[in-house]
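Engineer: Quick one: this structure, given as structure tokens, is what I'll be asking you about.
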Amino acid sequence: MTNRVRAAVLHEVGGVPEIREIELAPPAVGQVRIRLEATGVCHSDLSLANGRLKHAMPVVLGHECAGRVVETGVGVRELSVGDTVVLNWAPACRACWFCGHGEPYLCSNAERGWHRAHARLPDGTPVYPGLGVGGFAAETVVDEIACIKLPADIPLVEAALLGCAVLTGVGAVRNAAEVRPGESVVVFGLGGVGLSAVQGARIAGAGRIIAVDPSPEKAELARRLGATDALEPGPDVAKRVRALCDGRGADHAIECVGRADTIRSAWSSTRRGGHTTVVGLGAASDQLSFNALEIAHFARTLRGCMYGSSDPATDIPLLLAAYRAGVLDLRAMVTSEITLDEVGDAFTRLAAGTGARSVVCFAGGDQRSNVAGGDQRSNVDGGDQRGEVAGEAS
Ligand code: APR
Ligand code: ZN
């Protein structure tokens, strides 16, 4: 039995995802087939589509997913058919230097699934799973270690957000910035990631939480989720933030846009000795500059943060507990529930900065077709076609 499913396939940089039928490979050793229930549309998907981040193509984007296990490959130990899971786009190998030093979010092998085709187009062209996940499709095939099992009662639209935006945003505040009760936090960019950072700051007991975004609707949402103040960006935004923080500046800035000018504003918003955590993934061509005096003089810290410096295996249960306790609002961040055919429209909204998360909700049966009698062992291993996300520049 071959497995043909509907997918939004991006053929080239700058293109629009096109609905195609793809033929999924059967799960290999240690892999599972997942029927997707919900996939959030993240700014990183847009960056992969417009070439700001690089990926092997054609690709099925979508990496913020929840779904149900429908088939298990040989050697799968922890998962069974019927289990619901949230997917991890950077599963740690637990064996490399970084994993051995407590930094699984920097795992040297986390990207191995990104370069391995998981499906074919009808003409035999290999198709790659975006960030190893391939969530804009009725089904996907992933490594078991890319799945975090969910309790049966968690709604999967909400759960999907945990897989990227919430792990990243809450994690940046909790794990990277280590915000302490009473500290002041400014968050730049109020998409799914920034709104999660705002919630993370509230959960951490931050004092003043300042939200910065050009969109007034985002300001409103941020206030609902815990922001005490909302500002529109502008040339003097750092000065306005510092004024709100006793003239000194914020203890922490969390940058969730991915641009040199917002990273610069975030840095300048902090007090002497303050901390800026950069979550946004910008363009390699977008240069940031500092003068040689200010670094030592202000004694500020600027740090990057991948995947919220989190370990999904331990952080997802903590986030689920916060959700259950009613302190982490996942539903409020979902501003559009869409079909697979509407992924392109969701990209347009992301580019315009309107809405928070759009989530593709899969209707079930009609998204998928099982064609009996095909070649079960179709080899879709794409060999060495590597797609380096960040390129060589450092
Ligand atoms: N100042 C503040 N906010 C801005 C600015 C600016 N100058 N320009 C744009 N924004 C806002 C947009 O209005 C939008 O609300 O930044 C927000 C970005 O949100 P999304 O596009 O929804 O992005 P999100 O998915 O949250 O990801 C944010 O994190 O993981 C990375 O690649 C991802 O770089 C992206 C970032
Ligand atoms: Zn993402």
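Read-outs throughout are calculated quantities, based only on the coordinates presented, and are distinct from any laboratory measurement. Note that the structure is predicted; figures quoted are calculated from it, not measured. Cβ placement follows ideal geometry from the backbone for every residue including glycine, while neighbour counts extend to all protein chains displayed.
Engineer: Identify which of Ala138, Ala351, Ala165 has the largest mean-square fluctuation in a Gaussian network model of the chain, with springs joining Cα atoms closer than 10 Å.
Structural biologist: Ala351
Engineer: Just to verify a number: FRET efficiency for Glu103 and Ala363, C-beta to C-beta distance, R0 = 45 Å, to 0.05?
Structural biologist: Working: r = 40 Å, r/R0 = 0.88.
So the FRET efficiency works out to roughly 0.70.
Engineer: Bin all alpha-carbon pair distances of the chain at 20 Å intervals from 0 and give each bin's fraction as a whole percent.
Structural biologist: All Cα pairs considered, the percentages come to 30, 57, 13, 0.
Engineer: Placing unit charges on C-beta atoms (Lys and Arg positive, Asp and Glu negative, everything else neutral), compute the dipole magnitude of segment 245-319 about its Cα centre in debye, rounded to 20. Before the final figure, lay out each step's value.
Structural biologist: Values: 7 positive and 8 negative charges, 52 e Å.
Its charge dipole is roughly 260 debye.
Engineer: Now for a different question. Let's see if you can work this out: charge +1 on each Lys and Arg Cβ, -1 on each Asp and Glu Cβ, no other charges. What is the dipole magnitude of segment 166-309 about its Cα centre, in debye to the nearest 20?
Structural biologist: Using Cβ point charges on Lys, Arg, Asp and Glu, segment 166-309 gives about 320 debye.
Engineer: Based only on Cα atoms, what mean projected area does the convex hull of segment 166-309 have, in nm²?
Structural biologist: On the way: hull surface 30.3 nm².
Across all orientations, segment 166-309 yields a mean hull projection of 7.6 nm².
Engineer: What is the magnitude of the charge dipole of the chain about its Cα centre, with +1 placed on the Cβ of each Lys and Arg, -1 on the Cβ of each Asp and Glu, and no other charges, expressed in debye to the nearest 20?
Structural biologist: So the dipole magnitude of the chain works out to roughly 940 debye.
Engineer: I've got another one for you. Taking a quarter of the surface of the convex hull around the Cα atoms of segment 84-228, what do you get in nm²?
Structural biologist: 11.1
Engineer: Still on this structure, I have one more. Using alpha carbons only, how many angstrom separate the centre of segment 194-213 from the centre of segment 119-151?
Structural biologist: Rounded to whole Å, the Cα centres lie 33 Å apart.
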